[in-house]
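Q: To start, I am sharing the structure in question, which I have written as structure tokens.
Every number here is computed from the coordinates shown, using simple stated rules; none is lab data. Only a predicted model underlies this, so the values are computations on that prediction, with no experimental measurement involved. For neighbour counting, all protein chains shown are included, and Cβ atoms are generated from backbone atoms with ideal geometry for every residue, glycine included.
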Amino acid sequence: MDRVAIIGASMTAFGDRDAWLLALLAEAGDAALTDAGVDGDDVDHLYVSNMASGEFEGQTGVPNALAHDLAAMPAYTARIDQTSSSGGAGIYAAWQSVASGASDLTLLVGGEKMTHRTTGEATDVIASLTHPVEYKHGVTLPSFAGLTARKYLAQYDAPRESLGKVAVKNHRNGLDNPHAQFRKEVDLETVLDSPMVADPLRLYDFCPITDGSAALVLCPESVAAEYTDDYVVISGVAGATDTHVVHERDDPTTMRGVVESAEQAYEMAGRGPDDIDVAELHDMFTILEFLQSEDLGFFEKGAGWKAVRDGVTDRDGDLPINTSGGLKSKGHPLGASGVAQAYELYQQLLGTAGDRQVDAEVGLACNVGGFGNCVTTTILEQP
Amino acid sequence: MSDDHDSTEPGLDAHRCENGHLSYPGHARCPDCGAPQTETVDLAERTGEVVTWTTSTATPPGVREPNHLAIVEFEVDGEAVRALGQLTTADGIEIGAAVDPVYCAELRAPGAGIREPESQRWDGYRFEPA
């Protein structure tokens, strides 16, 4: 089967942006089309990854609006919502559109506008994904992280400091990312002394609330070279679900959606965890980087924290994780995040990552929705 | 799917399928085996054990602050079933602590958050050190 190539990519500055969602999407979409050297009317399918434009902004029907703004009519459009993993789900949908032959050129744009809401309001919009028996107790995604972190630290005898090291590492990486929301180094003491948010997790264990957008242009690999010399291929992509109700999982420290989607993506790519040179993981909370790095098979269960402690996942380590700064430092505009993960890998594989550049031929992105409720794993490679 | 499988469920009823698997809340089909869930088991009069807990200090509109939360495991005829709920206090709470469910008429203020107030119940059970 002809593989699918990514021939253009972009992301906007992430952070507290004045622009509203449509303008953010248009900014990223326009830049990705320019990067690929194609026009709007070359686009057959246009997907928008977004969790909650109606709830955040009162704007619905966004994909059609974007097609109009980018002169992409009469492209087929659809919105892809998979909560925090909408971006990864968008990659899967865009891949399907090209792999199936339904589209010869697909534009995927992920984005979210959030910062006009208070932290409590934004947290509530996200928490609305929970089951009624969870929501009525006031549970939030950060509180799931606190519950899981306490269990992980106890179960694997990991010190609290180990979580802080994820934040320190990813902030260090984000310092070199011109698109990141926070370009500021933090030391371990600052993380461990920051205000408690969901015991034992503190402010610096969490990603910020963010506006932003990112985009990809996809086509069959067989014609990619007609557009550009600089492209990467999607060698593996898969998605999976875990329980909606988080407490129904037998082992709170394992994310079955990560395990299942990774196994399928590895099989499709003919790759395994040892083949991955660089990875972008969904560090919405520091604890999630441990869980994913283990459930993706990079490290033994319960050993992910040791890898971070020992520098294995540093930019100059054996397996650099979140060279972009991750959601932690780059920011997490929900629908954009999974697309922006692919943008970082695109740059790493093309050798255009500047000060963040690592030596990589194969990259993996893991995008997590809910608290591991739905997950997509994508493997990108040099052609 | 019967009405008492839905979000209007007031209490702490675990749902059991014909193969003996338990879940809280109930589902249209047993998550373990896909069989119909045919009976309920009331957990409200039982003592459970804290699997893990947290105190949330950044709570959404209508939620108490701080909000102490726990995942609690109950054992019913040798089968484990878990529930998430607010704690009455964090004092004396640790992994493995024994807790009892206590009824609360309003766990968070309906209508203060984004969820439609009429779409679900707002009463339920908190957990208190046994």
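Q: Longest span of chain B, sites excluded, free of GluC sites (Glu not before Pro) in DSSP loop with at most 13 other C-beta atoms within 10 Å?
A: B:46-93
Q: Also, quick follow-up: Rg/Rh for chain A to two decimals, with Rh computed the Kirkwood way over all alpha-carbon pairs.
A: So for chain A, dividing Rg by the Kirkwood Rh gives 0.94.
Q: While we're here: Take every residue in peptide B:45-54, count the Cβ atoms of other chains within 10 Å of its Cβ, and give the average of those counts.
A: Per residue, the number of nearby Cβ atoms from other chains is 4 on average.
Q: Take peptide A:195-206, look around each residue's Cβ out to 10 angstrom, count Cβ atoms belonging to other protein chains, and average those counts.
A: The per-residue average across the peptide is 3.
Q: Rounded, prolate or oblate: which one fits the range A:1-140, using the alpha carbon gyration tensor with axes a ≥ b ≥ c (rounded when a/c is under 1.5, else prolate when a/b beats b/c, else oblate)?
A: prolate
Q: Tell me whether the range A:234-306 comes out rounded, prolate or oblate; compute the Cα gyration tensor, take square roots of the eigenvalues as a ≥ b ≥ c, and use a/c under 1.5 as the rounded threshold.
A: Verdict is oblate for the range A:234-306.
Q: Hey, another quick one. What is chain A's relative contact order, in percent, from Cα pairs under 8 angstrom and six or more apart in sequence?
A: The value is 26 percent.
Q: Using a 10 Å cut-off around each Cβ of peptide A:143-153, what is the average number of partner chain Cβ atoms that fall inside?
A: 5
Q: Roughly what angle does helix A:21-36 make with the longest principal axis of chain A, taking Cα atoms, 0 to 90 degrees, to the nearest 10?
A: The two axes meet at around 60 degrees.
Q: If each of A:D274 and B:E116 carries a label point 7 Å out from its Cα toward its Cβ, how far apart are those two points in nm?
A: It works out to 5.4 nm between the two label points.
Q: Moving on to the next point. Among the lysines, which have Cα under 16 Å from the Cα of A:K151 when same-chain residues fewer than 8 positions away are ignored?
A: A:K301
Q: Another question about this same structure. Report, to one decimal in Å, the Kirkwood hydrodynamic radius for the range B:3-129 based on all distinct Cα pairs.
A: Hydrodynamic radius (Kirkwood, Cα pairs) of the range B:3-129 is 15.4 Å.
Q: Tell me, which cysteines of the protein assembly as shown are without a disulfide-compatible partner by the Cβ under 4.7 Å rule?
A: A:C207, A:C219, A:C366, A:C374, B:C33, B:C104
Q: I'd like the orientation of helix A:141-155 relative to chain A: the angle between its Cα long axis and the longest Cα principal axis, in ° from 0 to 90, rounded to 10.
A: Taking the Cα atoms of chain A, the angle to A:141-155 is about 50 degrees.
Q: In addition: Would you work out if the range A:160-297 is rounded, prolate or oblate? Take a ≥ b ≥ c from the square roots of the eigenvalues of the alpha-carbon gyration tensor; rounded if a/c is under 1.5, else prolate when a/b is larger than b/c, oblate otherwise.
A: The shape class here is oblate.
Q: Say the dipole of the protein assembly as shown comes from +1 at the beta carbon of Lys and Arg and -1 at that of Asp and Glu; which of B:S56, A:L153, A:F290 then lies farthest toward its positive end?
A: B:S56
Q: Right, another one. Calculate how many DSSP beta bridges within chain A are antiparallel, expressed in % of all such bridges and rounded to the nearest 5.
A: Close to 70 percent.
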